[in-house]
Amino acid sequence: MKILLDFLPILLFVAAYKFTTIYIATGVLMVATVLQMAVTYAIDKKLTAMHKMTLGMVLGFGALTLVLQDETFIKWKPTVLYIAMALAMCVAMWVMKKNYLKLMLGSQLDLPDPVWVRLNVAWMLYCLFMAAVNGYVAAYYTTDQWINFKIWGYVFPLVFMGGQGWYISRYLGPDEPEVATVEAAETDKTV
């Protein structure tokens, strides 16, 4: 259900664009995001920093798009959001010495610290990649093409998350004792 909730605003945005204008679609995105955050808050009793940042950017860039009647702002919002996410993870990891992913998911996943570091770096690189791709499409393609990219571009996160699932699967579930045994055996060999 949470995955559907995460994708709902963008799906409503694309649907509204297909039947109306970019400006009406932007208003729909803004309202849908506010509702998404309200439901998330009702379920979790809190909003993460990521939720707050997303909400602020959707409302800010959406307002600029509507007030100035310039679609450029809403098209560049994902690029700015991805860069902000990458910077936040980078600062948290190397300046504050905290792993943002581990803070968010550590209670749900029991992974070794080096795996958390690699996942955090992978997310930083993924965010920079997505920022660059969205920026390129926003700058060099029409709004219709950018909207189509928003639809078909969801292949990127699905592949990325699938790859992460595959990567961490060896550290989870019934194989976990074997991993610990193999690591212990390798440690014994080095002693």
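The values are calculated or read from the model by the stated rules, or taken from the named source; none is laboratory data. Quantities reported herein were computed from a predicted structural model and do not represent experimental measurements. Using ideal geometry, Cβ is built from the backbone for each residue, glycine included, and neighbour counts are taken over all protein chains shown. When the accessible area is computed, the model is the full protein with side chains, heavy atoms only, and any ligands, DNA or RNA have been set aside. Shrake-Rupley method; radii C 1.70, N 1.55, O 1.52, S 1.80 Å.
Within region 89-104, the set of residues being open to solvent by 30 Å² or more (accessible area, probe 1.4 Å) and either more than 16 Å from the chain's Cα centre (by Cα) or farther than 22 Å from Tyr41 by Cα (or both) comprises Cys90, Val91, Trp94, Val95, Met96, Lys97, Lys98. Residues of region 86-120 that are of a type in the set (Ser, Thr, Tyr) and assigned to a helix (DSSP H, G or I): Tyr100 alone.
The number of residues in region 8-45 being open to solvent by less than 20 Å² (accessible area, probe 1.4 Å) and of a type in the set (Ser, Thr, Tyr) comes to 3. The residue of region 46-82 that is nearest to Asn120 (Cα to Cα), among those that are open to solvent by 60 Å² or more (accessible area, probe 1.4 Å) and among the charged types (D, E, K, R), is Lys52. Restricted to region 105-164, and to residues there that are β-branched (Val, Ile, Thr) and open to solvent by 50 Å² or more (accessible area, probe 1.4 Å), the residue that is modelled with the highest pLDDT is Thr142. Against the test of being touching a Ser or Thr at 6+ places or on another chain (Cβ under 7 Å), assigned to a loop (DSSP other than H, G, I, E, B) and of a type outside the set (Gly, Ala, Ser), the options Leu47, Leu81, Leu55 yield a single qualifying residue, Leu47. Only residues that are more than 21 Å from the chain's Cα centre (by Cα) and among the hydroxyl-bearing types (Ser, Thr, Tyr) were counted across region 15-45, and they come to 4.
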